[in-house]
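Novice: The structure's right below; bear with me while I get my questions together.
The values are calculated or read from the model by the stated rules, or taken from the named source; none is laboratory data. Quantities reported herein were computed from a predicted structural model and do not represent experimental measurements. Every residue, glycine as well, gets a Cβ built from its backbone with ideal geometry; the counts of neighbours run over all protein chains shown.
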Amino acid sequence: MPETITDLGAAETDGAFIQRLIDQATAALGREIGIYLGTPDATIEMHRGGTPLIVLYDDPIAVGEELDPVATVETRDTPTDPWEEADADDYVLEGRTVRHRNRWPRWVRVTYQHGFEVGEGPAEFRQIVFQMVESAWLSNHDDGLKSESLGDHSWTKADVVTAAGGPADWERLASRWRRQRI
């Protein structure tokens, strides 16, 4: 299997184009499984309170010098009240869950970083993305590709499934990683 863009027959000057293919393949895979796979980025989620538990869409990541994931939690009782930062002693961040010691006020806003540093993240995702890019590059601008596009290249769910090793491997991967909104 090729490991560099020159192994694909690409010139070093094609690096920017290959990077765009990587970005598009990463986004297509992320949409298929419902996980943000891009580089670290800030996100804000709004939740209705009233219960002790909030489930975030993605896993918060550690930022800067922090060793543990960080999230800023703000609350308010009515839509017109100003946001107030929640007391950190009142809640615990555990993976994708933010658990209040009693129950959350009516409105909750959570700000956190999510994503993966370049070259980080689950190896099987990196492998699938590389196979998608390899396929797009070696197809020599095949017009049969559809759906997600960049220039003459695009991906469909079938392409993501094929890159994952076929339908059985794809279903195993998807069931292990796919996230549903609660």
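Novice: Tell me the residue from Ala136, Ala168 that is at pLDDT 65 or above, more than 21 Å from Asp41 (Cβ to Cβ) and not basic (Lys, Arg), please.
Specialist: Only one candidate passes the filter, namely Ala136.
Novice: Is it true that some residue in the range 146-163 is surrounded by fewer than 11 Cβ atoms within 10 Å (Cβ to Cβ) and either out of contact with any Gly (no Cβ under 6 Å at 6 or more places or on another chain) or at pLDDT 75 or above (or both)?
Specialist: No, the range 146-163 contains no residue that is surrounded by fewer than 11 Cβ atoms within 10 Å (Cβ to Cβ) and either out of contact with any Gly (no Cβ under 6 Å at 6 or more places or on another chain) or at pLDDT 75 or above (or both).
Novice: Go through the range 62-75 residue by residue and tally those that are of a type in the set (A, V, I, L, M, F, W, C) and either in contact with a helix residue (DSSP H, G or I) (Cβ under 9 Å, 6 or more places away or on another chain) or over 26 Å from Pro105 (Cβ atoms) (or both).
Specialist: Summing the residues that are of a type in the set (A, V, I, L, M, F, W, C) and either in contact with a helix residue (DSSP H, G or I) (Cβ under 9 Å, 6 or more places away or on another chain) or over 26 Å from Pro105 (Cβ atoms) (or both) in the range 62-75 gives 3.
Novice: Output the number of residues of the range 66-85 satisfying the condition of being under 16 Å from Phe116 (Cα atoms) and loosely packed, with under 11 Cβ neighbours inside 10 Å.
Specialist: 3
Novice: A further question on this structure: With the condition kept exactly as written, say whether any residue in the range 35-43 is modelled with pLDDT of 80 or more, surrounded by 14 or more Cβ atoms within 10 Å (Cβ to Cβ) and more than 17 Å from Arg126 (Cβ to Cβ).
Specialist: yes
Novice: Scan the range 106-115 and give yes if some residue there is at pLDDT below 85, outside the structural domain of Leu21 (by TED's automatic domain parsing) and either more than 26 Å from Ala27 (Cβ to Cβ) or surrounded by 14 or more Cβ atoms within 10 Å (Cβ to Cβ) (or both), otherwise no.
Specialist: Taking the range 106-115 as the starting set, the residues that turn out to be at pLDDT below 85 are none.
No, the range 106-115 contains no residue that is at pLDDT below 85, outside the structural domain of Leu21 (by TED's automatic domain parsing) and either more than 26 Å from Ala27 (Cβ to Cβ) or surrounded by 14 or more Cβ atoms within 10 Å (Cβ to Cβ) (or both).
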